[in-house]
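Here is the structure we will look at.
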Amino acid sequence: AEYMGEEAPRAGQPGNLFVRLRVDEHPVLERDGADIHVMAPLTIAQAVLGGKVVVPTIDGDVEIAVAPGTQPDEKRVLRNRGVPKLRQGTRGSQYVHFKVIVPTQLSDKQKTLMTEFRAEEEKT
């Protein structure tokens, strides 16, 4: 800020004040300028059938709808959920990146259902 520093000797004009900030990384949210990115894990059932997931934002958790047929790496934009832009009165966006998590272990019932699902897929 101009003229916010210490007074100059002999009644001179005050100097300029320089402030340097360091923002630590967030464990879940990733900043890109005024925009925020977050990964939202989805189960196979959520990706295929749709549903709801809770995602963190800088303002707190938000529940968002997941459309049926959501693809891996698909993203949703939450407008005005990012970082405030200085001197503009607006905010960036938050991007929710969906990641479909494939289970590595299934119960016997889940294996049966997935086998039936595969058989149906092969018919079409």
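The values are calculated or read from the model by the stated rules, or taken from the named source; none is laboratory data. Bear in mind that the values here come from a model prediction, so they are computed numbers and not experimental data. Every residue, glycine among them, receives a Cβ derived from its backbone with ideal geometry; neighbour counts consider all protein chains shown. When the accessible area is computed, the model is the full protein with side chains, heavy atoms only, and any ligands, DNA or RNA have been set aside. Shrake-Rupley method; radii C 1.70, N 1.55, O 1.52, S 1.80 Å.
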From Val102, Val96, Val38, Val55, grab the single residue that is in a loop (DSSP other than H, G, I, E, B) and touching a residue at least 40 places away in the same chain (Cβ under 8 Å). Val102
I need a count of the residues in the stretch 105-120 that are outside any loop (DSSP other than H, G, I, E, B) and either open to solvent by less than 100 Å² (accessible area, probe 1.4 Å) or in contact with an Asp or Glu (Cβ under 9 Å, 6 or more places away or on another chain) (or both). 7
Take the residues of the stretch 78-94 that are basic (Lys, Arg) and farther than 15 Å from Leu29 by Cβ: which is most open to solvent (accessible area, probe 1.4 Å)? Arg87
Hey, Ile44 open to solvent by 50 Å² or more (accessible area, probe 1.4 Å) and not basic (Lys, Arg) or not: yes
Picking from Gly50, Gly33, which residue would you name as being of a type outside the set (A, V, I, L, M, F, W, C) and either at pLDDT 95 or above or over 23 Å from the mean Cα position of the chain (by Cα) (or both)? Gly50
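Here's the yes/no breakdown for (1) open to solvent by 100 Å² or more (accessible area, probe 1.4 Å); (2) under 28 Å from Pro103 (Cβ atoms); (3) not β-branched (Val, Ile, Thr):
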| site | (1), (2), (3) |
| --- | --- |
| Gln13 | yes, no, yes |
| Leu17 | no, no, yes |
| Glu25 | yes, no, yes |
| His37 | no, yes, yes |
| Gly50 | no, yes, yes |
